[in-house]
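Engineer: Structure incoming, see below.
The values are calculated or read from the model by the stated rules, or taken from the named source; none is laboratory data. Here the structure is a predicted model, which is why all the values come from computation and not from measurement. Cβ sites come from the backbone with ideal geometry, for glycine too, and all protein chains shown count toward neighbours. These area figures cover heavy atoms from the full protein model, side chains too; ligands, DNA and RNA do not enter into them. Shrake-Rupley method; radii C 1.70, N 1.55, O 1.52, S 1.80 Å.
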Amino acid sequence: MHIFPKKTVVMVAHRRSGTTVLKDMLRVSGEIYFEGDHEVFRPVVSNPRNFYNFWHAAVLEKPENLYAANRHRLMFDFMEHEMARYPAPIAGFDIKYYQFSQCGSLFDMLGASDCVFLHLIRTNAVKGYVSDVLLAQTRKTGAPVPVLNVEDVAEFEKGVRDRVRVTEQYSRRLKALNLPPERLASFEYENLFSALDEGGSGQSLNAEYAERLSSMLGCNSDAQNYRTTRKKENAPTCRDIIENFDDVMAQLTDEDIKQQMLL
């Protein structure tokens, strides 16, 4: 088993599943430090603190580091290099599902280490998919896209199903690791916040989740210590965010997706 030099949390999730707000809440506690929103395992050359740049430098130093076995070892070297910079006693890494598929056997290697897994799931796959599409359009156009016009309902349906499939795949992979409860916890995006006020907003972590985290990490269990500067607002309904909602509902064939559309 690989032993990290400090307690290490790996957050596993699909994109647009609440990882940013949860990382924000955990950082505020002072017990755990997550990297910023940049994705350290994503192959983006422009990111100086990126595994692929770290690996490239290692290959220039020793050409044998090009081979897969050495690359996988260097992934852990990179994580330990990063966590040495972290000010908190617990180090956190946010790794999306698709990034694991780009990083060889990293998932299994982490399963064989002493890290703690935190699986964050957005149970409403429709809203997660729509949010992902809107974000992609916003980045492409440079301007906020308030609502989605679904031009191809079959593609929309397939996209939601794919999101569900990948989430279920990683749920099974995590279960197959047979980790003890102190090394694996699953949180639902929809239940992250402790309570919403009359205006439908909240800022503190769900008390049950805070206690579960504290038990795993050995830190303070007071939910008030896990707060976010990002104010949670009542989520808009699918009717609010899908411009041609009625037309989409009429063409959908998947009953589970129809039910999520109504939430």
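Engineer: Scanning segment 50-96 for residues that are of a type in the set (G, A, S) and in contact with a Phe, Trp or Tyr (Cβ under 7 Å, 6 or more places away or on another chain), which turns out surrounded by the fewest Cβ atoms within 10 Å (Cβ to Cβ)? Outline the logic, then answer.
Structural biologist: Here is the first cut: in segment 50-96, the ones of a type in the set (G, A, S) are 57-58, 68-69, 84, 88, 91-92.
From what's left, in contact with a Phe, Trp or Tyr (Cβ under 7 Å, 6 or more places away or on another chain): 88, 91-92.
Numbers: A88: 18, A91: 24, G92: 24.
For segment 50-96, the residue satisfying everything is A88.
Engineer: Next question, about the same structure. Can you find even one residue in segment 61-68 that is modelled with pLDDT under 95, more than 30 Å from N244 (Cα to Cα) and under 18 Å from the mean Cα position of the chain (by Cα)? Explain how you work it out, then say what you get.
Structural biologist: Initially, segment 61-68 is screened for residues modelled with pLDDT under 95, giving 61-68.
Add one more test, that the residue is more than 30 Å from N244 (Cα to Cα), and what stays is 61-68.
Going one step further and asking which of them are under 18 Å from the mean Cα position of the chain (by Cα), we end up with none.
Within segment 61-68, none of the residues are modelled with pLDDT under 95, more than 30 Å from N244 (Cα to Cα) and under 18 Å from the mean Cα position of the chain (by Cα).
Engineer: Do you know which residues across segment 104-142 are within 30 Å of A235 (Cα to Cα), out of contact with any strand residue (DSSP E or B) (no Cβ under 6 Å at 6 or more places or on another chain) and part of a loop (DSSP other than H, G, I, E, B)?
Structural biologist: If the condition is that a residue be within 30 Å of A235 (Cα to Cα), out of contact with any strand residue (DSSP E or B) (no Cβ under 6 Å at 6 or more places or on another chain) and part of a loop (DSSP other than H, G, I, E, B), then R122, N124, G142 are the ones that fit.
Engineer: Let me ask something else. Within segment 148-263, considering only strands (runs of 3 or more DSSP E) that don't extend past its boundaries, which have at least 3 residues that are touching a residue at least 60 places away in the same chain (Cβ under 8 Å)?
Structural biologist: Working: elements: 184-188, 202-204, 227-232.
Once the strands (runs of 3 or more DSSP E) in segment 148-263 are filtered for at least 3 residues that are touching a residue at least 60 places away in the same chain (Cβ under 8 Å), what remains is 184-188, 227-232.
Engineer: Turning to a different aspect of this structure: Does A223 qualify as being under 21 Å from L192 (Cα atoms), surrounded by 16 or more Cβ atoms within 10 Å (Cβ to Cβ) and within 21 Å of the chain's Cα centre (by Cα)? Spell out how you get there, then give the answer.
Structural biologist: Working: under 21 Å from L192 (Cα atoms): yes; surrounded by 16 or more Cβ atoms within 10 Å (Cβ to Cβ): yes; within 21 Å of the chain's Cα centre (by Cα): yes.
It is true that A223 is under 21 Å from L192 (Cα atoms), surrounded by 16 or more Cβ atoms within 10 Å (Cβ to Cβ) and within 21 Å of the chain's Cα centre (by Cα).
Engineer: Filter segment 45-72 down to the residues that are of a type in the set (A, V, I, L, M, F, W, C), closer than 30 Å to E31 by Cβ and without any contact (Cβ under 8 Å) to a residue 12 or more places away in the chain and list them by number.
Structural biologist: none
Engineer: Name the residues in segment 97-118 that are within 26 Å of D254 (Cα to Cα) and crowded, with 17+ Cβ neighbours inside 10 Å, would you? Talk me through it step by step, then tell me what you get.
Structural biologist: Taking segment 97-118 first, the residues within 26 Å of D254 (Cα to Cα) are 97-98.
Answer for segment 97-118, where residues must be within 26 Å of D254 (Cα to Cα) and crowded, with 17+ Cβ neighbours inside 10 Å: just Y97.
Engineer: Checking the condition in contact with a Cys (Cβ under 7 Å, 6 or more places away or on another chain) and either free of Cβ contacts under 8 Å to residues at least 24 places away in the same chain or of a type in the set (A, V, I, L, M, F, W, C) (or both), which residue from M79, M83, M109, M75 passes?
Structural biologist: Details: M79 fails: in contact with a Cys (Cβ under 7 Å, 6 or more places away or on another chain); M83 fails: in contact with a Cys (Cβ under 7 Å, 6 or more places away or on another chain); M109 fails: in contact with a Cys (Cβ under 7 Å, 6 or more places away or on another chain).
So the residue among M79, M83, M109, M75 that is in contact with a Cys (Cβ under 7 Å, 6 or more places away or on another chain) and either free of Cβ contacts under 8 Å to residues at least 24 places away in the same chain or of a type in the set (A, V, I, L, M, F, W, C) (or both) is M75.
Engineer: Which one is most open to solvent (accessible area, probe 1.4 Å) among residues in segment 229-253 that are at pLDDT 75 or above and touching a Leu at 6+ places or on another chain (Cβ under 8 Å)?
Structural biologist: Applying the first criterion (at pLDDT 75 or above) to segment 229-253 yields 229, 236-253.
Still in the running and touching a Leu at 6+ places or on another chain (Cβ under 8 Å): 237-238, 241-243.
On the way: T237: 57, C238: 0, I241: 24, I242: 1, E243: 125 Å².
Among residues in segment 229-253 that are at pLDDT 75 or above and touching a Leu at 6+ places or on another chain (Cβ under 8 Å), the one most open to solvent (accessible area, probe 1.4 Å) is E243.
Engineer: Under the condition of being loosely packed, with under 14 Cβ neighbours inside 10 Å, among the small types (G, A, S) and within 30 Å of L262 (Cβ to Cβ), which residue from segment 119-148 is farthest from the chain's Cα centre (by Cα)?
Structural biologist: Ranking the qualifying residues of segment 119-148, first place goes to A143.
Engineer: Any idea which residue in segment 23-49 is surrounded by the fewest Cβ atoms within 10 Å (Cβ to Cβ), counting only those that are touching an Asp or Glu at 6+ places or on another chain (Cβ under 8 Å) and either at pLDDT 80 or above or basic (K, R) (or both)?
Structural biologist: R49
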